[in-house]
Amino acid sequence: MDNLFNPKMETLSRKKIRDLQLERLKKTVHLVYDNVPFYKRKFKELQIKPNDLKTLDDISKLPLTTKDDLRDNSPFGMMTTSLDNCIELHASSGTTGIPITACYTPHDIEAWSEVMARCLSMSGLTKKDVFQNPIPYGTFTGAFGFHYGAQKIGAMVIPSGKGQSERQIKLMGYYGTTFMSGVASYAVRLGQIAHKMGVDPKQSKVRNGLFGAEMFTTGLKKRIMDIWNIDVHDIYGLTEMCGPGASADCDQHDGLHLWEDHFLVECLDPNTLEPVSLEEDGELVLTTLAKEGMPLLRYRTRDIANLYDLETCECGRTHIKHSTIKGRSDDMIIIRGTNIFPGQIESVLMKNPSVGGNWRMILLTENDVDMLTVEVESKQQLSTNETSNLEQKLQNDIKTVIVFTPRVTVLPPNTIPENGLKAKRVIDNRKKD
Ligand code: DLL
């Protein structure tokens with residue numbers, strides 16, 4: 001219980017959380033109805049008025065918001081206030097070229113710092129820590145979110161920023177970094193670089209890490225723990241909500257607490273858009289409850305996870321938990337009639353101690369048939385014989401989870417190209433009709 005940043009809010013009774021959610025939801029609904037033409041139009045189409053919202057269950061009457069809605073109204077059409085009242089802008093690039101833009105009022109920056117401080121404190125950050133933040137400082141939300149949260153706790157922040165991995169390792173040693181953040185796959189990469197430089201990551205002073213921003217399987221988490229000999233926490237978030245900080249896992253490592261005084265979560269079947277039962281996988285749909293600049297109603301995240309039973313957690317927090325993100329509904333690949341999430345493959349790969357840090361799936365059409373090749377780096381340089389044994393073993397193991405037999409190619413360490421900030425796990429070169 002000693003790592004609560006805001007004990008009162010983090011342990012609020014379920015009844016008080018729900019009362020607060022209803023009060024804030026009503027306020028948010030009025031705010032967007034009065035100020036955002038997109039929402040006013042949607043309410044009209046659905047023949048509802050803000051005052052029709054009487055209970056939290058009435059949320060199902062409200063319109064959903066999609067990424068396309070944000071793009072159609074980009075960059076500033078979803079805002080409730082003029083740009084004069086905003087002090088910061090962030091954006092996520094996505095794949096279509098039109099960025100998703102978010103503008104923050106001073107109040108929004110404060111709210112973001114608060115949820116980030118809760119996540120960091122829950123992961124063990126204290127004011128005594130030296131906190132290294134190896135994330136590019138730019139329009140991506142990652143670096144600033146961690147920076148604000150860590151400073152709110154009073155830790156010393158090293159804003160080490162983008163890449164330059166050898167420099168990151170040197171800074172860690174020089175300043176005695178005790179806590180690091182980052183994009184999940186980068187923590188593995190940094191470990192590899194340290195080894196290459198003759199530095200054993202286990203001997204560093206780092207004792208804790210908080211990572212996220214991309215698919216983060218339990219296998220990858222364990223991998224980072226082993227490489228660095230640190231405790232690893234998972235943090236989830238998205239530009240549309242604020243950036244990182246919607247949720248993170250506590251020391252129980254059994255699901256991520258989502259800050260329900262800031263976000264109202266629903267878990268819906270992505271096809272029918274009906275709620276799924278607790279512990280059943282569905283799409284997380286989030287409504288902001290404490291945002292001023294660009295509040296969103298029922299935002300379809302596309303992220304697949306499940307919500308847990310609402311008992312008070314051993315850590316004392318009362319806020320709902322969700323599982324790790326299993327994948328994005330738009331990441332699901334259909335090959336020969338089988339639905340595959342990249343996370344299923346990563347889980348198999350990360351269990352194998354001979355597998356290195358990077359991997360990807362390559363999809364091709366050969367003689368009108370979809371072919372899947374899994375390319376994966378080995379941890380150490382292997383002989384031809386060892387390589388083919390490992391390929392065989394991985395092929396069999398992957399087959400048990402995806403039902404058909406993929407090709408597996410094991411490559412030497414550090415040979416799969418890095419693809420920007422977040423790892424690109426799927427290269428789909430199939431013929432499109
Ligand atoms: O990635 C914010 C962030 C930065 C989160 C740093 C955590 C750490 P976007 O670029 O808008 O924002 O991407 C959001 O990334 O919808 C998920 O699909 C994915 N994602 C984020 N965190 C996790 C996680 C940031 N812990 C999108 N596990 C989200 C799995 C994650 N996927």
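The values are calculated or read from the model by the stated rules, or taken from the named source; none is laboratory data. Note that this is a predicted model, so its numbers are computed, not measured. Every residue, glycine as well, gets a Cβ built from its backbone with ideal geometry; the counts of neighbours run over all protein chains shown. With ligands, DNA and RNA removed, areas are computed over all heavy atoms of the protein, side chains included. Shrake-Rupley method; radii C 1.70, N 1.55, O 1.52, S 1.80 Å.
Residue-wise test of (1) touching a helix residue (DSSP H, G or I) at 6+ places or on another chain (Cβ under 7 Å); (2) open to solvent by 10 Å² or more (accessible area, probe 1.4 Å).
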| position | (1), (2) |
| --- | --- |
| Met116 | yes, no |
| Leu120 | yes, no |
| Thr141 | no, no |
| Phe144 | no, yes |
| Tyr148 | yes, yes |
| Ile169 | yes, yes |
| Tyr174 | no, yes |
| Gly191 | yes, no |
| Gly212 | yes, no |
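Restricting attention to region 317-333, which residues are buried (at least 21 other Cβ atoms within 10 Å of the Cβ) and among the charged types (D, E, K, R)?
Arg317, Lys321
Any chance region 289-305 includes a residue that's in a strand (DSSP E or B), more than 16 Å from the ligand (Cβ to nearest atom) and more than 24 Å from Ala91 (Cβ to Cβ)?
So far as region 289-305 goes, no, none of its residues is in a strand (DSSP E or B), more than 16 Å from the ligand (Cβ to nearest atom) and more than 24 Å from Ala91 (Cβ to Cβ).
What residue, among those in region 397-411 that are modelled with pLDDT under 95 and open to solvent by 50 Å² or more (accessible area, probe 1.4 Å), is farthest from Met197 (Cα to Cα)?
Val403
Can you name the condition, by its number, that Ile109 falls short on among (1) within 25 Å of Tyr148 (Cα to Cα); (2) within 25 Å of the chain's Cα centre (by Cα); (3) assigned to a loop (DSSP other than H, G, I, E, B); (4) modelled with pLDDT of 95 or more?
Every condition holds for Ile109 apart from (3).
Inspect region 41-52 for any residue being assigned by TED's automatic domain parsing to the domain that holds Met79, open to solvent by less than 90 Å² (accessible area, probe 1.4 Å) and closer than 18 Å to Val265 by Cβ and give the result as yes or no.
No: zero hits.
Taking the residues in region 4-33 that are more than 30 Å from Gly316 (Cβ to Cβ) and without any contact (Cβ under 8 Å) to a residue 24 or more places away in the chain as candidates, determine which candidate is most open to solvent (accessible area, probe 1.4 Å).
Filtering region 4-33 for residues that are more than 30 Å from Gly316 (Cβ to Cβ) and without any contact (Cβ under 8 Å) to a residue 24 or more places away in the chain, the one most open to solvent (accessible area, probe 1.4 Å) comes out as His30.
Inside region 224-276, can you point out the residues that are over 22 Å from Cys313 (Cβ atoms) and either without any contact (Cβ under 8 Å) to a residue 12 or more places away in the chain or within 16 Å of the ligand (Cβ to nearest atom) (or both)?
Once the filter is applied, which keeps residues that are over 22 Å from Cys313 (Cβ atoms) and either without any contact (Cβ under 8 Å) to a residue 12 or more places away in the chain or within 16 Å of the ligand (Cβ to nearest atom) (or both), region 224-276 yields Ile224, Asp226, Leu238, Thr239, Glu240, Cys242, Gly243, Leu268, Pro270, Asn271, Thr272, Glu274.
Determine, yes or no, whether Ser92 is within 28 Å of His319 (Cα to Cα) and open to solvent by 20 Å² or more (accessible area, probe 1.4 Å).
yes
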